[in-house]
1. Residues to consider are I52, I40; find the one that is touching a strand residue (DSSP E or B) at 6+ places or on another chain (Cβ under 9 Å), of a type in the set (V, I, T) and either modelled with pLDDT under 90 or within 23 Å of N130 (Cα to Cα) (or both).
2. Against the definition (buried (at least 18 other Cβ atoms within 10 Å of the Cβ), over 30 Å from E78 (Cβ atoms), out of contact with any helix residue (DSSP H, G or I) (no Cβ under 6 Å at 6 or more places or on another chain) and not β-branched (V, I, T)), how does A144 come out, yes or no?
3. Does any residue of the range 31-45 turn out to be of a type in the set (K, R), closer than 18 Å to K158 by Cβ and open to solvent by 40 Å² or more (accessible area, probe 1.4 Å)?
4. Are any of the residues in the range 125-141 part of a helix (DSSP H, G or I), in contact (Cβ under 8 Å) with a residue 12 or more places away in the chain and over 11 Å from the mean Cα position of the chain (by Cα)?
5. Kindly establish whether I112 is surrounded by 17 or more Cβ atoms within 10 Å (Cβ to Cβ), part of a helix (DSSP H, G or I) and touching a helix residue (DSSP H, G or I) at 6+ places or on another chain (Cβ under 7 Å).
6. I'd like to verify a number: residues in the range 88-109 that are small (G, A, S) and open to solvent by less than 30 Å² (accessible area, probe 1.4 Å), how many?
7. Among S75, S85, which is part of a helix (DSSP H, G or I), of a type in the set (S, T, N, Q) and surrounded by 15 or more Cβ atoms within 10 Å (Cβ to Cβ)?
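The values are calculated or read from the model by the stated rules, or taken from the named source; none is laboratory data. All values derive from a computational prediction rather than experimental measurement. Here Cβ is always computed from backbone atoms with ideal geometry, including for glycine, and neighbour counts include all displayed protein chains. Protein only, heavy atoms only, side chains kept; ligands, DNA and RNA dropped before computing areas. Shrake-Rupley method; radii C 1.70, N 1.55, O 1.52, S 1.80 Å.
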Amino acid sequence: MSNFFAKKQEKAFTSRLFDEKSFYSSFLSDLEDCEREVIIESPFISRARMDILLPFFRRLVNRDVTVYVITKDPSILEEPLFTYSSEIIREFEVLGVHVLAASNHHHRKLAILDRQVLWEGSLNILSQTNSKEIMRRIEGEDHAQEMFEFLKLGRFIK
């Protein structure tokens, strides 16, 4: 049994909870610190939220940080979501953001930053406006990598 606890202690991490009011300031700070890769899974995209996030994505791409967005395929959405998502996905592609459009029952909300920081919870990162939400920030390569592997993202992202 003591060997089990020794292994758990080796994989130390920090974790903090955020709500819809405190999330974005910390998340945007994390984006500014990214050096290699940003992966965001958010089923929905809104124009209002993207007006805030697109400048951050632009700066990331200009610094050669690879940005991936995994979202619902607009073709399975009804109006007005179809139009908003389609327009923003075109903007992403022009900007150099890699978009993976999911046509299944995609509903995860998370971000993996430099495979070091994992954000997960109920908040739609690319569309949240008025809802009450929760997000957990976990700092630790083991946890970020575990999520990357659990979601089998290596099929799409190297």
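1. I40
2. The answer is yes for A144.
3. yes
4. Yes, that holds for at least one residue.
5. Judged against the criteria, I112 is not a match.
6. So the answer is 1.
7. S85
Okay, residues lined up against (1) open to solvent by less than 80 Å² (accessible area, probe 1.4 Å); (2) under 30 Å from F13 (Cα atoms); (3) touching a helix residue (DSSP H, G or I) at 6+ places or on another chain (Cβ under 6 Å):
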residue	(1), (2), (3)
R59	no, yes, no
L81	yes, no, no
I125	yes, yes, no
S131	yes, yes, no
